[in-house]
Amino acid sequence: MPHYNGLPVPTDGTPVRMESGRCIVSDSPIVPFIEGDGCGRDIWKASKAVIDAAVERAYSGDRRIVWYEVFAGEKAHDRFGEWLPADTIDAIRALRVAIKGPLTTPVGGGIRSLNVALRQILSLYSCVRPVKWYPGVPSPMRDPGKLNIVIFRENTEDVYAGVEWECGTKEAGQVIEFLNGRMGRSIRTDSGIGIKPVSVTGSKRLVRAALQYAQDNGRSSVTLVHKGNIMKFTEGAFRDWGYEVATEEFRDRCVTEAELWESGGGGVAPNGKILIKDRIADAMFQQVLLRPAEYEVVATTNLNGDYLSDACAAQVGGLGLAPGANIGDDYAVFEATHGTAPKYADKDMINPSSVILSGVMMLEHLGWKEAARLIERGMTGAIAAKTVTYDLHRQMAGATKVGCSQFGAAVIRHMG
Ligand code: NAP
């Protein structure tokens with residue numbers, strides 16, 4: 001077995017393989033993990049214990065995950081002088097499926113964001129964020145259980161492509177000169193400039209993944225969220241290309257909202273077909289508050305998805321409970337959606353649910369659904385028993401406040 005970052009790959013497990021777009025998983029897959037910075041250290045310990053316990057119980061010891069540490073962020077910088085070593089990327093390439101805690105984005109020169117870099121280097125083009133309410137979790141909504149959606153956020157393009165120039169630089173000046181002199185624009189010369197690329201390739205593969213997910217998981221609608229009324233050739237084009245994928249590649253399995261209205265139908269697609277609709281982003285923020293039950297799967301561009309997924313997470317209990325996955329054709333990296341919350345680092349206080357639930361997504365991706373269900377049962381049980389970390393405790397009457405590791409232990413106890 002090879003070494004990455006100076007550590008040998010464990011010999012008591014086997015790498016996950018991909019065949020025709022499907023994961024081939026042995027009973028002891030090797031899964032690389034990045035512990036994460038700040039609160040990530042506490043969260044990872046608690047989450048690993050929960051995932052291991054669920055696998056052990058679900059398969060009576062016949063299956064286990066062989067964990068393999070890879071490095072990014074502060075730990076990598078301290079050990080190797082690099083924020084994101086090439087070996088870490090190579091290890092994920094070789095082993096296919098990884099999980100990570102939150103990483104500090106180094107301020108100043110160098111890599112702009114480690115998370116964005118990982119997504120772009122490994123072409124993890126779908127950022128998948130399921131948002132659903134667990135009974136008992138405090139929420140600002142009257143009926144939080146009505147929101148149960150999965151957001152597919154395009155992960156490699158849009159204003160996250162990192163094509164921007166600072167105000168006053170030679171490069172910004174050159175771009176402004178080109179736009180004003182050659183393209184007939186009148187951009188103020190004291191502007192910073194950012195470019196928003198949205199491609200056919202990036203848009204179609206994201207919408208395809210969302211449609212495939214809806215089909216595989218019996219979801220009855222996919223909504224394309226865009227700001228095409230203002231940004232016609234990026235956001236508007238995303239919507240048009242999305243409809244093209246639906247009507248050309250999923251024709252017999254979907255119906256568009258326009259087709260439904262033309263045929264006099266109501267708001268529900270017939271015969272188990274998937275309803276394809278689109279909403280302008282600002283209206284969608286209202287819709288998830290006022291008519292959440294009408295949305296099941298959302299496909300959207302990068303920045304819209306970033307805002308929308310955090311807003312939806314707030315409706316069902318906040319970032320501490322929001323899992324995420326970055327999935328491409330060849331690799332998948334599961335991760336917390338929150339940051340490193342540095343003020344809670346090493347205090348064993350923070351809520352580990354985001355990484356635990358990212359573990360649920362990872363187990364589903366590996367096809368280990370029984371273990372995934374056990375974790376969900378444990379989490380629901382712990383919250384129903386009002387055994388919660390500080391963030392939920394401050395909003396719940398009569399709850400018992402526990403630390404990060406104790407919450408993990410409560411999840412394990414409630415798996416049954
Ligand atoms: P943050 O780390 O997400 O923390 C902001 C606040 O959110 C915390 O102070 C806490 O609120 C709450 N929170 C976050 N995680 C929580 C959890 N697990 N349980 C309970 N509450 C939680 O955001 P930030 O302070 O803006 O960012 C810190 C660093 O993280 C930055 O370097 C940023 O670049 C990085 N970051 C990384 C990722 C990633 O790795 N995917 C994502 C976002 C940000 P209260 O104080 O109210 O308790």
What's the total number of residues in region 18-34 that are at pLDDT below 95 and either surrounded by 20 or more Cβ atoms within 10 Å (Cβ to Cβ) or under 27 Å from Leu103 (Cα atoms) (or both)?
1
Within the group Leu357, Leu374, Leu363, which residue is within 16 Å of the ligand (Cβ to nearest atom), outside any loop (DSSP other than H, G, I, E, B) and assigned by TED's automatic domain parsing to the domain that holds Phe71?
Leu357
Test for Ala385: is it among the hydrophobic types (A, V, I, L, M, F, W, C), more than 16 Å from the ligand (Cβ to nearest atom) and either within 19 Å of Arg22 (Cα to Cα) or under 18 Å from the mean Cα position of the chain (by Cα) (or both)
no
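Results for (1) in the same structural domain as Glu19 (by TED's automatic domain parsing); (2) closer than 26 Å to Gly408 by Cα; (3) away from the ligand (no atom under 15 Å from the Cβ), shown as yes or no for each residue.
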position: Tyr295; (1), (2), (3): no, no, yes
position: Ala299; (1), (2), (3): no, no, yes
position: Asn302; (1), (2), (3): no, no, no
position: Leu308; (1), (2), (3): no, no, yes
position: Leu321; (1), (2), (3): no, yes, no
position: Phe334; (1), (2), (3): yes, yes, no
position: Thr337; (1), (2), (3): yes, yes, no
position: Ala341; (1), (2), (3): yes, yes, no
position: Met349; (1), (2), (3): yes, yes, no
Region 299-316, residues that are buried (at least 21 other Cβ atoms within 10 Å of the Cβ) and out of contact with any helix residue (DSSP H, G or I) (no Cβ under 7 Å at 6 or more places or on another chain)
Gly305, Ser309
Selection from region 372-404 of residues that are within 19 Å of Val360 (Cβ to Cβ) and of a type in the set (S, T, N, Q):
Thr380, Thr387, Thr389
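Table: residues versus (1) out of contact with any strand residue (DSSP E or B) (no Cβ under 6 Å at 6 or more places or on another chain); (2) assigned by TED's automatic domain parsing to the domain that holds Thr301.
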site: Val116; (1), (2): yes, no
site: Ser123; (1), (2): yes, no
site: Gly145; (1), (2): yes, yes
site: Gly168; (1), (2): yes, no
site: Val175; (1), (2): no, no
site: Gly181; (1), (2): yes, no
site: Gly192; (1), (2): yes, no
So Leu392 clears everything in (1) within 14 Å of the ligand (Cβ to nearest atom); (2) in a helix (DSSP H, G or I); (3) under 27 Å from Arg208 (Cβ atoms) except one condition, right? Which one?
(3)
Identify the single condition in (1) under 21 Å from Ile327 (Cα atoms); (2) within 16 Å of the ligand (Cβ to nearest atom); (3) β-branched (Val, Ile, Thr) that Val50 does not satisfy, given that it satisfies every other one.
(1)
Can you name the residue in region 213-228 that is touching a Lys or Arg at 6+ places or on another chain (Cβ under 8 Å) and within 30 Å of Phe178 (Cβ to Cβ) and is also surrounded by the most Cβ atoms within 10 Å (Cβ to Cβ) among such residues?
His226
Find the helices (runs of 4 or more DSSP H) located wholly in region 66-125 whose residues include 3 or more that are modelled with pLDDT under 95 and within 12 Å of the ligand (Cβ to nearest atom), and list them.
114-121
Please give the number of the condition Arg63 fails out of (1) at pLDDT below 95; (2) surrounded by fewer than 22 Cβ atoms within 10 Å (Cβ to Cβ); (3) not small (Gly, Ala, Ser).
(1)
Please verify whether region 282-294 includes one or more residues that are surrounded by 14 or more Cβ atoms within 10 Å (Cβ to Cβ), in contact with a strand residue (DSSP E or B) (Cβ under 7 Å, 6 or more places away or on another chain) and at pLDDT 95 or above.
yes
Residue count for region 163-212, restricted to those that are acidic (Asp, Glu), without any contact (Cβ under 8 Å) to a residue 12 or more places away in the chain and surrounded by 15 or more Cβ atoms within 10 Å (Cβ to Cβ)
0
Single unsatisfied condition, Ala397 versus (1) aliphatic (A, V, I, L, M); (2) farther than 28 Å from Tyr213 by Cα; (3) in contact with a Gly (Cβ under 8 Å, 6 or more places away or on another chain):
(3)
In region 139-156, residues that are touching a residue at least 40 places away in the same chain (Cβ under 8 Å) and either in contact with a Pro (Cβ under 7 Å, 6 or more places away or on another chain) or surrounded by fewer than 19 Cβ atoms within 10 Å (Cβ to Cβ) (or both) total 7
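The values are calculated or read from the model by the stated rules, or taken from the named source; none is laboratory data. Here the structure is a predicted model, which is why all the values come from computation and not from measurement. Here the Cβ is made from the backbone with ideal geometry for all residues, glycine too, and neighbour counts use every protein chain on show.
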